[in-house]
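These notes are about the structure you will find just below.
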Protein chains: 2
Amino acid sequence: MIEKLQEIVGAAHVLTGAEAEPYGWDWAHERFEAPLAVVRPASTGEVSALMKLAHETRTVVTPLGGRSGMAGGGQGEGSLVISMERMNRIREIRTGARSAVVEAGVILANLHEAVEAEGLIFPLFFGARGSAMIGGALSTNAGGSNVLRYGNTRDLVLGIEAVMADGTVIDLMQNLHKNNSGYDLRHLLIGAEGTLGIITGAVVRLMPKPGAYVTAMVGLKALDPALSLLNRLQEVTGGAVEAFEYMPDTYLADYQAMRPETRRPFEEAHKVNILLEIGALSPRDYTPGPDGQMPIASYLEEVLGGMLEEGEVDDAVIASSEQQRREMWAIREAASEVAGLRPNQIIMDVAVPVDRMGDFLDRADAALARMDPRAETSVVAHLGDGNVHYTIFPTDPAQKDVLVEGIEDVVAELGGSFSAEHGIGKLKLTTMARRKDPGALAAMRAIKAALDPKGILNPGKLLP
Amino acid sequence: MIEKLQEIVGAAHVLTGAEAEPYGWDWAHERFEAPLAVVRPASTGEVSALMKLAHETRTVVTPLGGRSGMAGGGQGEGSLVISMERMNRIREIRTGARSAVVEAGVILANLHEAVEAEGLIFPLFFGARGSAMIGGALSTNAGGSNVLRYGNTRDLVLGIEAVMADGTVIDLMQNLHKNNSGYDLRHLLIGAEGTLGIITGAVVRLMPKPGAYVTAMVGLKALDPALSLLNRLQEVTGGAVEAFEYMPDTYLADYQAMRPETRRPFEEAHKVNILLEIGALSPRDYTPGPDGQMPIASYLEEVLGGMLEEGEVDDAVIASSEQQRREMWAIREAASEVAGLRPNQIIMDVAVPVDRMGDFLDRADAALARMDPRAETSVVAHLGDGNVHYTIFPTDPAQKDVLVEGIEDVVAELGGSFSAEHGIGKLKLTTMARRKDPGALAAMRAIKAALDPKGILNPGKLLP
């Protein structure tokens with residue numbers, strides 16, 4: 001087997017033993033899972049040859065990106081790990097068509113840098129962008145902080161290339177905005193967590209880079225006025241709000257304790273803290289007026305001023321420099337670290353309809369207080385998307401499943417999803433079995449069996 | 001069989017003989033296909049019972065919406081036609097969450113009317129909106145004139161409900177912007193043309209209704225300056241262009257001949273005519289200034305004025321009333337009638353990358369001139385999406401397949417799609433077999449066999 005792998009990718013790119021060990025961990029760091037071997041193909045042809053071999057020999061395969069997944073989808077005990085790290089070329093940036101052709105191993109931050117040089121952005125931003133790869137982002141349909149304006153990963157993908165379980169290459173690398181030619185395999189493979197095929201390349205959409213950003217931290221007493229702030233800003237800017245992130249006072253206190261050297265955003269603590277960012281696309285919004293101020297900043301000031309007067313907003317700081325903007329984002333992007341400050345974290349990544357977020361938090365807190373009165377939480381939310389990361393620190397880790405189920409009941413009551421942006425992986429299989437529509441689960445199993453009849457592609461993930 | 005059908009939907013809603021006859025035709029009107037019977041269920045439960053019966057008896061089923069499909073997907077000789085016309089309830093309009101819950105039989109124009117009363121729009125607009133139903137629009141992933149700003153049908157759908165081949169109901173009626181919980185069956189069923197399941201309901205996204213529209217007809221000499229007009233407008237408005245439709249001089253002449261009572265948009269003929277519309281979302285764009293003019297109209301005038309001076313634009317008319325706006329749209333929306341003026345039309349609905357449209361038209365015209373020098377054409381395009389409806393009137397109808405293949409070669413050279421927004425249905429099966437990526441076709445067949453093992457759902461459509 002090892003010899004055959006070496007023939008395909010070259011001896012230097014088949015790792016075993018100690019060399020393979022780092023690939024047995026992923027971000028979630030729950031436990032080590034030793035790979036059979038790690039291979040690092042350099043081309044779609046090599047991935048295809050690897051899959052042909054795996055298919056013939058019934059070898060179980062784990063496709064691997066940047067190992068920043070939150071659900072354990074990139075680990076597989078005893079499996080052949082196919083790491084996409086060498087397929088890291090940005091094949092083409094087409095400024096006229098506003099698209100880029102990329103290989104699966106391109107690191108998100110590298111793509112960001114390359115397209116910004118052309119005055120464009122690839123608007124998929126999240127904390128792990130320095131390690132996460134395009135292939136992993138597509139396979140998990142990653143979300144992040146800009147979904148409000150630009151959509152999830154799947155909304156940013158025009159075409160894909162993938163290698164199926166038997167090594168067949170599917171080439172759907174279209175650079176088109178309309179293409180109704182059969183079942184949308186692109187959307188089937190996006191979010192399939194590597195269980196139906198290995199995504200090897202993609203044509204992604206690029207967007208014009210806003211001429212200016214206006215970023216602010218806002219302190220309020222409750223979520224309702226926060227949502228009304230969002231609505232007013234969307235109206236006055238014509239939908240230019242790029243991010244609208246919620247952090248409660250407890251989260252800011254934890255952050256402050258972790259990084260005592262940082263500036264506090266406000267003198268006093270506020271129950272609800274919003275990090276918001278508006279991106280000005282047209283020159284009339286970012287060209288400074290006679291007063292030297294950008295119109296987009298004036299709009300924000302007007303809205304905030306009005307809400308301060310009405311007593312709906314308690315305090316607000318508008319970033320006056322790129323440095324200050326980065327400090328504001330650093331608070332929000334430390335969420336994983338903050339959640340990791342205490343042991344036994346249970347990270348729940350759930351979504352509810354946008355207008356039910358306040359309800360959700362009230363009911364979830366109440367349910368938790370009933371189940372485990374001394375439990376603590378760490379909460380952040382992409383408020384504009386209805387997506388909340390509700391992290392529980394239980395008094396008794398053995399109660400994990402009971403607590404998860406209790407909070408999931410609240411999610412279900414509100415018509416929400418038990419998995420918003422992190423996916424299922426290994427960590428949410430129990431929930432998937434318990435909560436997913438049974439008809440949908442049956443259809444998923446039929447599709448899995450049809451496309452991967454030997455069950456070699458990332459088994460034990462996504463499907464209970 | 002008929003008795004059992006009557007038990008499920010009631011005797012009044014099982015049609016046979018002359019009553020069933022109108023259901024044997026669809027818009028394309030190629031030929032009559034007599035149904036076995038037509039049933040009109042009133043609920044998802046009834047559709048489920050019908051499919052259970054069809055599955056047990058191996059009865060072939062054709063799901064039917066508004067019969068405005070362009071590819072023959074809604075006809076099935078000897079099949080049980082399930083018409084969704086009675087499932088026509090708008091179950092809920094949630095203004096706060098900007099979404100609506102609709103049944104599959106809701107006519108598009110009725111949904112438009114209902115949500116506009118709430119200051120919202122459902123931004124899926126095309127000529128057949130007075131008869132097309134939601135279920136059909138989803139099943140074909142309909143496009144239309146506003147894809148440029150709002151995306152295709154699939155981009156407007158948050159959740160769906162569907163009945164599978166064996167009668168299983170899949171309930172994925174989420175009102176969520178993030179939901180990574182397994183394979184995206186929603187996107188698999190959207191665009192599947194009723195071959196994998198029958199869509200019975202949907203949660204659709206609504207958008208704020210622009211405070212004002214500015215609509216114009218622009219005459220130019222070539223496509224390149226038209227694309228630069230689009231880019232300039234997108235920049236100055238921050239992406240507020242809602243439609244950017246191309247019509248050549250020949251199309252306008254045909255329209256004028258068909259409706260001699262209508263006003264010509266321009267005194268003189270122009271090779272390239274663009275119907276464009278900008279939607280102003282924020283009050284600062286549509287609130288009239290001291291000169292009584294809306295800023296959004298001023299932006300358009302400035303851009304057009306500049307391009308007139310530079311000689312890139314030859315003429316332009318901005319609609320000064322709703323009446324004039326409707327007249328402009330009436331020209332574009334008569335495309336189907338104009339194409340039907342001459343016999344033996346071959347409607348090609350293809351897409352190319354946005355920046356290759358000029359290339360495509362030049363090469364397609366040249367290829368056609370080589371193959372059939374006396375052939376005529378009727379062309380309209382959603383220029384902003386790279387989607388062109390290239391209709392050929394051949395001198396010899398028997399040459400249809402040769403001509404189609406010749407134009408498709410041009411599409412393929414430019415990395416385009418042989419089916420942009422109309423879908424495959426029956427009419428494009430040959431092309432699908434000839435042009436679709438073989439690996440993708442194999443995966444589609446495997447999925448079809450897995451989800452509809454008896455092959456009873458709309459057979460003979462989509463998959464060659």
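The values are calculated or read from the model by the stated rules, or taken from the named source; none is laboratory data. These numbers come from a predicted model, not from an experiment. Cβ sites come from the backbone with ideal geometry, for glycine too, and all protein chains shown count toward neighbours. Keep in mind that these areas ignore ligands, DNA and RNA; they rest on the heavy atoms of the full protein, side chains included. Shrake-Rupley method; radii C 1.70, N 1.55, O 1.52, S 1.80 Å.
General observations
- Restricting segment A:419-464 to residues that are small (Gly, Ala, Ser) and assigned to a helix (DSSP H, G or I), the residue that is farthest from the other protein chains (Cβ to nearest Cβ) is A:433.
- When residue B:97 is tested against (1) surrounded by fewer than 24 Cβ atoms within 10 Å (Cβ to Cβ); (2) more than 14 Å from chain A (Cβ to nearest Cβ); (3) part of a loop (DSSP other than H, G, I, E, B), only condition (2) is not met.
- Applying the criterion of being assigned to a loop (DSSP other than H, G, I, E, B) and either within 22 Å of residue A:375 (Cα to Cα) or of a type in the set (A, V, I, L, M, F, W, C) (or both) to the residues of segment A:407-418, the residue that is farthest from the other protein chains (Cβ to nearest Cβ) is A:414.
- Segment B:183-199 residues that are within 15 Å of residue A:438 (Cα to Cα), paired with ones that are modelled with pLDDT of 95 or more and assigned to a helix (DSSP H, G or I) (beta carbon under 7 Å, 6 or more apart): B:183/A:188; B:183/A:444; B:183/A:447; B:184/A:187; B:184/A:188; B:185/A:440; B:185/A:443
- Residue in segment B:193-214 that is in contact with a Gly (Cβ under 8 Å, 6 or more places away or on another chain), at positive phi and not aliphatic (A, V, I, L, M) present: yes
- Qualifying residue in segment B:370-378 (condition: farther than 22 Å from residue A:96 by Cα and assigned to a helix (DSSP H, G or I)): yes
- Residues located in segment A:165-174, provided they are open to solvent by 10 Å² or more (accessible area, probe 1.4 Å) and more than 7 Å from chain B (Cβ to nearest Cβ): A:166, A:173
- From the list A:326, A:332, the one residue that fits, being free of Cβ contacts under 8 Å to residues at least 40 places away in the same chain and under 30 Å from residue A:301 (Cβ atoms), is A:326.
- Unmet requirement for residue B:177, which otherwise passes all of (1) touching a Phe, Trp or Tyr at 6+ places or on another chain (Cβ under 7 Å); (2) at the interface with another protein chain (Cβ under 9 Å from one of its Cβ atoms); (3) farther than 26 Å from residue B:447 by Cβ; (4) outside any helix (DSSP H, G or I): (1)
- Residue that is most open to solvent (accessible area, probe 1.4 Å) [pool: residues in segment B:180-233 that are more than 25 Å from residue B:327 (Cβ to Cβ) and of a type in the set (S, T, N, Q)]: B:231
- Checked against (1) farther than 27 Å from residue B:98 by Cα; (2) away from every other protein chain (no Cβ under 14 Å), residue A:218 passes all but condition (1).
- Restricted to helices (runs of 4 or more DSSP H) entirely inside segment A:1-93, those with at least 1 residues that are within 30 Å of residue A:175 (Cα to Cα), modelled with pLDDT of 95 or more and over 20 Å from the mean Cα position of the chain (by Cα) are A:2-9, A:44-56.
- Per this entry, residue A:302 is counted among residues that are surrounded by fewer than 16 Cβ atoms within 10 Å (Cβ to Cβ) and either within 14 Å of another protein chain (Cβ to nearest Cβ) or aliphatic (A, V, I, L, M) (or both).
- Residues of segment B:345-379 that turn out to be over 13 Å from residue B:409 (Cβ atoms), free of Cβ contacts under 8 Å to residues at least 60 places away in the same chain and within 22 Å of the chain's Cα centre (by Cα), as a count: 2
- All positions within segment B:180-204 that are under 15 Å from the mean Cα position of the chain (by Cα) and facing another protein chain (nearest Cβ under 8 Å): B:190, B:191, B:192
- For the residues B:67, B:89, the requirement of being touching a residue at least 60 places away in the same chain (Cβ under 8 Å) and either outside the structural domain of residue B:114 (by TED's automatic domain parsing) or not hydroxyl-bearing (Ser, Thr, Tyr) (or both) singles out B:67.
- Residue list for segment A:147-164, restricted to those being more than 10 Å from every other protein chain (Cβ to nearest Cβ) and open to solvent by less than 10 Å² (accessible area, probe 1.4 Å): A:156, A:157, A:160
- For residue A:396, the criteria (1) open to solvent by 10 Å² or more (accessible area, probe 1.4 Å); (2) within 8 Å of another protein chain (Cβ to nearest Cβ) hold in every case but one, which is (2).
- With respect to (1) surrounded by fewer than 20 Cβ atoms within 10 Å (Cβ to Cβ); (2) at the interface with another protein chain (Cβ under 10 Å from one of its Cβ atoms); (3) among the charged types (D, E, K, R), the lone exception for residue B:372 is condition (2).
- Hits in segment B:240-259 - residues which are farther than 20 Å from residue B:360 by Cα and either without any contact (Cβ under 8 Å) to a residue 40 or more places away in the chain or among the aliphatic types (A, V, I, L, M) (or both): B:240, B:241, B:243, B:252, B:253, B:256, B:257, B:258
- Hits in segment A:341-364 (condition: crowded, with 16+ Cβ neighbours inside 10 Å and assigned to a helix (DSSP H, G or I)): A:354, A:355, A:356, A:357, A:358, A:360, A:361, A:363, A:364
- Checking B:255, B:251, B:286 one by one, the residue that is open to solvent by less than 30 Å² (accessible area, probe 1.4 Å), over 24 Å from residue B:353 (Cα atoms) and in contact with a strand residue (DSSP E or B) (Cβ under 9 Å, 6 or more places away or on another chain) is B:255 and no other.
- Test: residue in segment A:156-170 that is farther than 27 Å from residue A:239 by Cα, in contact (Cβ under 8 Å) with a residue 40 or more places away in the chain, touching an Asp or Glu at 6+ places or on another chain (Cβ under 7 Å) and in a loop (DSSP other than H, G, I, E, B): yes
- Residue in segment B:311-325 that is part of a helix (DSSP H, G or I) and surrounded by fewer than 13 Cβ atoms within 10 Å (Cβ to Cβ) present: yes
- Residues of segment A:410-463 satisfying the condition of being surrounded by fewer than 17 Cβ atoms within 10 Å (Cβ to Cβ) and farther than 19 Å from residue A:390 by Cα: A:433, A:434, A:438, A:442, A:445, A:449, A:453, A:454, A:455
- Set side by side, the residues B:262, B:287, B:250 differ, and just one is within 14 Å of chain A (Cβ to nearest Cβ) and of a type in the set (S, T, N, Q), which is B:287.
- Residue B:401, sole failed condition from (1) more than 13 Å from chain A (Cβ to nearest Cβ); (2) part of a helix (DSSP H, G or I); (3) buried (at least 16 other Cβ atoms within 10 Å of the Cβ): (3)
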